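Asks: Okay, handing you the structure first.
Only the coordinates and a few stated rules stand behind these numbers; no lab work does. Please read all numbers here as calculations on a predicted model, not as lab measurements. With ideal geometry, Cβ positions are generated from the backbone for all residues, glycine too; neighbour counts draw on all protein chains shown.
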Number of protein chains: 2
Amino acid sequence: MCRGDDPNCTHFAEHRRRFLGDLAPERRAFLKSGFVATGGAAAMAAGGLSLVGPALAQTSAKGIRQTAHYHLPATAETVHWGYFSKLLKPQVEIASGDYVTIETLTHHANDDAERMVTGDPGAESVFLWTKDKKGVARRGAGPETGPLGPGGGLGVHICTGPVAIRGAEPGDVLEVRILDVAPRPCANPAFKGRSFGSNAAAWWGYHYKDMITGDRAREVITIYEVDASGARDWAKAVYNFRWPGVTDPFGVAHPTIDYPGIPVDHTKTQRNFDVLKGVRVPIRPHFGTMGLAPKEADMVNSIPPSYTGGNIDNWRIGKGATMYYPVAVPGALFSVGDPHASQGDSELCGTAIECSLTGTFQFVLHKKADLAGTALETLDFPMIETSEDWVLSGFSYPNYLADLGPDAQNEIFSKSSIDLAMRDAFRKMRSFLMQAKGLTEDEAISLMSIAVDFGITQVVDGNWGVHAIVKKAIFADRPA
Amino acid sequence: MCRGDDPNCTHFAEHRRRFLGDLAPERRAFLKSGFVATGGAAAMAAGGLSLVGPALAQTSAKGIRQTAHYHLPATAETVHWGYFSKLLKPQVEIASGDYVTIETLTHHANDDAERMVTGDPGAESVFLWTKDKKGVARRGAGPETGPLGPGGGLGVHICTGPVAIRGAEPGDVLEVRILDVAPRPCANPAFKGRSFGSNAAAWWGYHYKDMITGDRAREVITIYEVDASGARDWAKAVYNFRWPGVTDPFGVAHPTIDYPGIPVDHTKTQRNFDVLKGVRVPIRPHFGTMGLAPKEADMVNSIPPSYTGGNIDNWRIGKGATMYYPVAVPGALFSVGDPHASQGDSELCGTAIECSLTGTFQFVLHKKADLAGTALETLDFPMIETSEDWVLSGFSYPNYLADLGPDAQNEIFSKSSIDLAMRDAFRKMRSFLMQAKGLTEDEAISLMSIAVDFGITQVVDGNWGVHAIVKKAIFADRPA
């Protein structure tokens, strides 16, 4: 059933009525006046996820306001590959309340270019790499020159953006609503109507040094098919192959997957089509990497997540979810990439089903001055809201760039643990329950033990993650 | 909606039809002939959760067989408090396929005797403690004499049993189906129709040395009310109080909660009834501690979970779930206790809503000789099956009694980590997918990254836990 957000649903009216009835009191209490002050009502009038409750409807007296809807394609010109940076020039500058449809490309598309690049002008421009030309030269936050290539592969995600939000300043909170997510259809006529993704069991995976069969040091890539129409809610494996060692078009050898976007020549692989027969993988389309530019460094590796979001790799960041980020630099500078068709909690082998997606987002800016007394007042980490839950992201180091000193971007890869991330998730959930829900510490501690679920987000992104989930319905009767 | 297991449901026939249709192929493949060989069909005829599929129905040709249903009350004579032991005399000996309804008592009932003990003859017999008499003297696996009392509080759970299964031998697998679970109604007329539970934020909680308000070293107990009729699916807080330091009836002072079942005198507490107002805690009735006697030691502290189960503290071990345990000693010796009305993944503060429950269980013995080629062949840990999922229990030390040497029962409390438990959960899930589902290691690794969720079971039981969850529906189309 739709959640009251799909006008094409045959029971849309009824579902929307229920949705509003269920959630309105909760949301009203949470957002309080900050929302009203920042274009929220106008955003709602335009059909976003938010809810017109009595406290908000009165703002219509302020008159009609128009919001804009932009489309940001993914091309060699609109993406930055493998890093966040406060120095990037925005692709588009928008107002609070505006919408942007953003195309994202998986950085694993070249694992099978025939299925994920060929015939797709945007993807072709990004993945272009001949002996003479490279569509996007820099891949990663590393030095411009290095043995592997510009950027050094120190960061791997193709990020579309940034989107600048007019008036955003450090200390504000940016709310990003994911209104829709759809797989990018294969543009190759040979595979019409389908989409594909790649799962790489790679050297950075949790399993890599702990295998029990065959050759120990192998990387295996599995190609998955996803239904582009969205009618089928599961993916299936097409084939797998062992990373054969690839020499890139500039002549650099890559015995392992040490630089993103290397074109794989399938005349040199052995493809095994007898793989995961009869296995249906439930799809959970979401964006692995999504967030704002941090202030601590000019070039930030896209792999470790941090306080401004980034590579959180939580599958709950999909359609219907809303993110709240602390703004660290002027304009906020939002970017999104690392699209996933599905991922399990832990992202064990190092990747998800990496599959290009297009999302439609609405951006609502909450100014610092309006946050006093709201749940967002002390927000210093990326918070997820789904239709049912609040999901708080704990990391081994909440702000590793600040926590680990000048060499943080290297140190983080050897210092993470789930135990550290659990401690952070515990502290964040306690603060949330005290700050946003007005509980005492004793009340918060008791509730966390009996009604909050802690899960392992990922153990492969340098800064490992644990999330804490609490159901919104728990508070439905609580006075705001 | 009922899952096809509640004959009183008005749509029982339809729900059961769907349930059979959905799960039959999966279960048939899983259990194979081992199930048929061990009374499974007879059990099903008696109305258990199992499924009459075509491959099983034929066994009815073997003729009618009668199963027995026992009732095991919880009294001072039928419980052992705080330990598992292979030396215990069984309370009842049953055949494979038989049913037992077992009463369990929370060891926290004396936190509020008025609500959880008074008027209840079974609970009164267990909790009896005057200056002259103690209903159950030994509480824990420690020495008979010690400063805190017999057993030393080295183990805290009131376990009902053991139940011996005729013919069970080491190497077999015991399947335990939880057919029904209900709260134990309060027997005090003043609180008719209600049930109560206690949540202790105690010194062994994850939060204890990491508090941010008030006095640092405090233990806080919150009493919750649960609807005894089952009509309401949420619990609410009644009041909380700080552990005041209690001197037990024998004159021993307990400044912290260092021995289970100490009667709290509420003339010496300050009860705060203004607690968690408007908060509805979803209930998840389950048994925190449930399992078989291990072979490694005569007296085993009930707190750390291990390969024969015990204090797993996973809220998924509730109605409709099935457990599979490796049998370690003759007769298997099943005991159950530590009933919970609700718990979150992590059991953060050290306890759940500790609330007396009664369960109805069916026991099916799978003989070692019948396990070849089935998913149970190599089972060496407690596995959970729910209506939708397989849930595998990883621990910091899979068999800590063997892994940590002669001082294991002390060592385990200082050596646990989530990181270790994650490693174990990963390995167990990989083995399960390879053994039970016939995947190659490469297939298993890929699937684990995209479709298996790892969560934090508990961080308070000495041997910390991480569980791995995979949906059964993923394999619905896979040839057995």
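Asks: For the range B:395-480, please list each of the helices (runs of 4 or more DSSP H) lying entirely inside it that holds at least 2 residues being facing another protein chain (nearest Cβ under 9 Å).
Replies: Counting at least 2 such residues, we get B:418-435, B:441-451.
Asks: Related question: Quick check: anything in the range B:84-94 under 20 Å from the mean Cα position of the chain (by Cα), at positive phi, buried (at least 21 other Cβ atoms within 10 Å of the Cβ) and touching a residue at least 24 places away in the same chain (Cβ under 8 Å)?
Replies: Among the residues of the range B:84-94, not one is under 20 Å from the mean Cα position of the chain (by Cα), at positive phi, buried (at least 21 other Cβ atoms within 10 Å of the Cβ) and touching a residue at least 24 places away in the same chain (Cβ under 8 Å), which makes the answer no.
Asks: While we're on this one: Does A:D424 count as of a type outside the set (A, V, I, L, M), free of Cβ contacts under 8 Å to residues at least 60 places away in the same chain and out of contact with any strand residue (DSSP E or B) (no Cβ under 8 Å at 6 or more places or on another chain)? Steps first, answer last, please.
Replies: Values: of a type outside the set (A, V, I, L, M): yes; free of Cβ contacts under 8 Å to residues at least 60 places away in the same chain: yes; out of contact with any strand residue (DSSP E or B) (no Cβ under 8 Å at 6 or more places or on another chain): no.
No: the conditions fail for A:D424.
Asks: Could you check B:P189 against (1) within 13 Å of chain A (Cβ to nearest Cβ); (2) within 16 Å of B:D120 (Cβ to Cβ) and say which number it fails?
Replies: For B:P189, the exception is condition (1).
Asks: Another one. With respect to B:L179, is the statement that it is under 22 Å from the mean Cα position of the chain (by Cα), part of a strand (DSSP E or B) and within 26 Å of B:I412 (Cβ to Cβ) true?
Replies: Working: under 22 Å from the mean Cα position of the chain (by Cα): yes; part of a strand (DSSP E or B): yes; within 26 Å of B:I412 (Cβ to Cβ): no.
In short, no.
Asks: Something else now. For the range A:303-347, which positions are without any contact (Cβ under 8 Å) to a residue 60 or more places away in the chain and small (G, A, S)? Walk me through it before giving the result.
Replies: Step one: filter the range A:303-347 for residues without any contact (Cβ under 8 Å) to a residue 60 or more places away in the chain, giving A:315, A:343-344.
Residue satisfying the conditions is A:G344 alone.
Asks: Checking B:V391 against (1) free of Cβ contacts under 8 Å to residues at least 40 places away in the same chain; (2) under 21 Å from A:Y206 (Cα atoms), only one condition comes out false. Which one?
Replies: (1)
Asks: When only residues in the range B:82-119 that are outside any loop (DSSP other than H, G, I, E, B) and among the small types (G, A, S) count, which is farthest from B:A297 (Cα to Cα)? Reasoning before the result, please.
Replies: Looking only at the range B:82-119, we keep the residues that are outside any loop (DSSP other than H, G, I, E, B), and these are B:83-84, B:92-94, B:99-104, B:109-116.
Now narrow it down to the ones that are among the small types (G, A, S): B:109, B:113.
Working: B:A109: 29, B:A113: 34 Å.
Checking each candidate, the answer is B:A113.
Asks: Okay, next question. What are the residues in the range A:139-173 that are more than 30 Å from A:D98 (Cα to Cα) and more than 21 Å from the chain's Cα centre (by Cα), if any?
Replies: Of everything in the range A:139-173, those that are more than 30 Å from A:D98 (Cα to Cα) and more than 21 Å from the chain's Cα centre (by Cα) turn out to be A:G142, A:P143, A:E144, A:T145, A:G146, A:P147, A:L148, A:G149, A:P150, A:G151, A:G152.
Asks: What number of residues in the range A:222-259 are within 23 Å of A:W464 (Cα to Cα) and of a type in the set (V, I, T)? Give the derivation first.
Replies: Initially, the range A:222-259 is screened for residues within 23 Å of A:W464 (Cα to Cα), giving A:256-259.
With the extra rule that they be of a type in the set (V, I, T), the set shrinks to A:256-257.
Qualifying residue count, the range A:222-259: 2.
Asks: Anything in the range B:264-284 that is assigned to a strand (DSSP E or B) and among the hydrophobic types (A, V, I, L, M, F, W, C)? List them, or say none. Spell out the reasoning first.
Replies: Start the filter on the range B:264-284 by keeping residues that are assigned to a strand (DSSP E or B), which leaves B:272, B:281-282.
Listed by number, the list holds a single entry, B:V281.
Asks: Is the range A:294-302 home to any residue that is outside any strand (DSSP E or B), farther than 19 Å from A:Q458 by Cα and free of Cβ contacts under 8 Å to residues at least 12 places away in the same chain?
Replies: Start the filter on the range A:294-302 by keeping residues that are outside any strand (DSSP E or B), which leaves A:294-299, A:302.
With the extra rule that they be farther than 19 Å from A:Q458 by Cα, the set shrinks to A:294-299.
Add one more test, that the residue is free of Cβ contacts under 8 Å to residues at least 12 places away in the same chain, and what stays is none.
No; the residues of the range A:294-302 include none that is outside any strand (DSSP E or B), farther than 19 Å from A:Q458 by Cα and free of Cβ contacts under 8 Å to residues at least 12 places away in the same chain.
Asks: Here is a list: B:P330, B:P282. Which entry is closer than 24 Å to B:L401 by Cβ and either surrounded by fewer than 22 Cβ atoms within 10 Å (Cβ to Cβ) or more than 14 Å from every other protein chain (Cβ to nearest Cβ) (or both)? Spell out the reasoning first.
Replies: On the way: B:P282 fails: closer than 24 Å to B:L401 by Cβ.
So the residue among B:P330, B:P282 that is closer than 24 Å to B:L401 by Cβ and either surrounded by fewer than 22 Cβ atoms within 10 Å (Cβ to Cβ) or more than 14 Å from every other protein chain (Cβ to nearest Cβ) (or both) is B:P330.
Asks: Out of the residues in the range B:338-362 that are buried (at least 24 other Cβ atoms within 10 Å of the Cβ) and over 30 Å from B:K209 (Cβ atoms), which is farthest from the other protein chains (Cβ to nearest Cβ)?
Replies: The extreme case among them is B:Q362.
Asks: Could you count how many residues in the range A:295-317 are surrounded by fewer than 24 Cβ atoms within 10 Å (Cβ to Cβ), away from every other protein chain (no Cβ under 14 Å) and not acidic (D, E)?
Replies: Of the residues in that region, 3 qualify.
Asks: Collect the residues in the range B:193-219 that are facing chain A (nearest Cβ under 7 Å) and not in a loop (DSSP other than H, G, I, E, B), keeping them in residue-number order.
Replies: Across the range B:193-219, the qualifying residues are B:N199, B:A201.
Asks: Report, by residue number, each residue of the range A:100-121 that is more than 25 Å from A:Y239 (Cβ to Cβ) and either buried (at least 21 other Cβ atoms within 10 Å of the Cβ) or among the polar types (S, T, N, Q) (or both).
Replies: Restricting attention to the range A:100-121, the residues satisfying the condition of being more than 25 Å from A:Y239 (Cβ to Cβ) are A:100-103, A:121.
Answer for the range A:100-121, where residues must be more than 25 Å from A:Y239 (Cβ to Cβ) and either buried (at least 21 other Cβ atoms within 10 Å of the Cβ) or among the polar types (S, T, N, Q) (or both): A:V100, A:T101, A:I102, A:E103.
Asks: Now for a different question. Which of the residues belonging to the range A:220-263 are in a loop (DSSP other than H, G, I, E, B) and within 14 Å of another protein chain (Cβ to nearest Cβ)? I'd like the intermediate steps shown before the answer.
Replies: Going through the range A:220-263, the residues in a loop (DSSP other than H, G, I, E, B) turn out to be A:228-233, A:243-245, A:248-252, A:255-263.
Hits for the range A:220-263 are A:R232, A:D233, A:W243.
Asks: Right, next: When you go through B:T145, B:T130, B:T222 one by one, which is the residue that is in contact with a Ser or Thr (Cβ under 7 Å, 6 or more places away or on another chain) and among the polar types (S, T, N, Q)? Break it down stepwise before answering.
Replies: Values: B:T145 fails: in contact with a Ser or Thr (Cβ under 7 Å, 6 or more places away or on another chain); B:T130 fails: in contact with a Ser or Thr (Cβ under 7 Å, 6 or more places away or on another chain).
The conditions single out B:T222.
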